[in-house]
Amino acid sequence: MAHHNAMTSGNSPVHILVLFYSRHGSVQAVAEQIAFGIEAAGGVALLRTVPELSQVGSEALTMAYPHVTIDELCQCHALAMGSPVRFGMMAAPLKAFWDTTSALWLKGSLIDKPAAVFTSSSSMHGGNEATLLGMMMPLLHHGMFIMGVPYDTPALHQTQSGGSPYGASHVEAARRSGQSAITPLSAHEIAIARRLGERLTRLTQQLQ
């Protein structure tokens, strides 16, 4: 899967920014499945992350993709945003990035652009849905169209781990059990993430 690094205009495919913060890799794994869905539907996925607020802890996985720029956010046709759960809220580095977007808000640069959210937590009831809903707030302030996962997605009825109508998610059981490796996404979590990417792309295509 080729993730393009430049945005174009005219008759080119829609460019969707997949913006995420991932400390251990779980949110990154969801982001990559959403990107798969975007490109399967004919879009171009631009995966970007945000910098750490401090040098404490590992940054290896966070640095797997470049840091997003304000121009990339402004130029994208649509946005998928993801964060791990931090006490029922998005992670501070991602919130810090949105705190720098006032100029875009003043210009209305993101108004009427489609958006979706995704997350990962270390337990089934660890705040996934609260985090998904909370991530929608800055997007609503920017005037974006928020979309989720409809119930005609079979995996949404079948999942025993992540996935909700508010967005894609993953339950990171390995962190709960003390293992060092991340838990792979379940088949249902993958299906929901890909469906979210596909739906976001198709809606964006319709609006162009």
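The values are calculated or read from the model by the stated rules, or taken from the named source; none is laboratory data. On a predicted model such as this, the values are computed, not experimentally measured, just so you know. Glycine also receives a Cβ, built like all others from the backbone with ideal geometry; neighbour counts cover every protein chain displayed.
Values computed for the structure shown
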{"read-out": "Breaking point among (1) buried (at least 22 other Cβ atoms within 10 Å of the Cβ); (2) in contact with a Leu (Cβ under 8 Å, 6 or more places away or on another chain); (3) modelled with pLDDT under 95, for residue 192", "value": "(3)"}
{"read-out": "Every pair of residues 6+ apart whose Cβ atoms lie under 8 Å, when the first sits in segment 102-113 and is at pLDDT 95 or above while the second is of a type in the set (Phe, Trp, Tyr) and surrounded by 10 or more Cβ atoms within 10 Å (Cβ to Cβ)", "value": "112/145; 113/145"}
{"read-out": "Meets criteria (farther than 23 Å from residue 77 by Cα, among the β-branched types (Val, Ile, Thr) and in a loop (DSSP other than H, G, I, E, B)) for residue 183", "value": "yes"}
{"read-out": "Residue satisfying condition, being buried (at least 23 other Cβ atoms within 10 Å of the Cβ) and small (Gly, Ala, Ser), within set 78, 92, 103, 96", "value": "78"}
{"read-out": "Residues (in a loop (DSSP other than H, G, I, E, B), of a type in the set (A, V, I, L, M) and buried (at least 16 other Cβ atoms within 10 Å of the Cβ)) located in segment 113-161", "value": "144, 147, 149"}
{"read-out": "Filter pass, residue 55 being more than 18 Å from residue 120 (Cβ to Cβ), over 14 Å from the mean Cα position of the chain (by Cα) and modelled with pLDDT of 95 or more", "value": "no"}
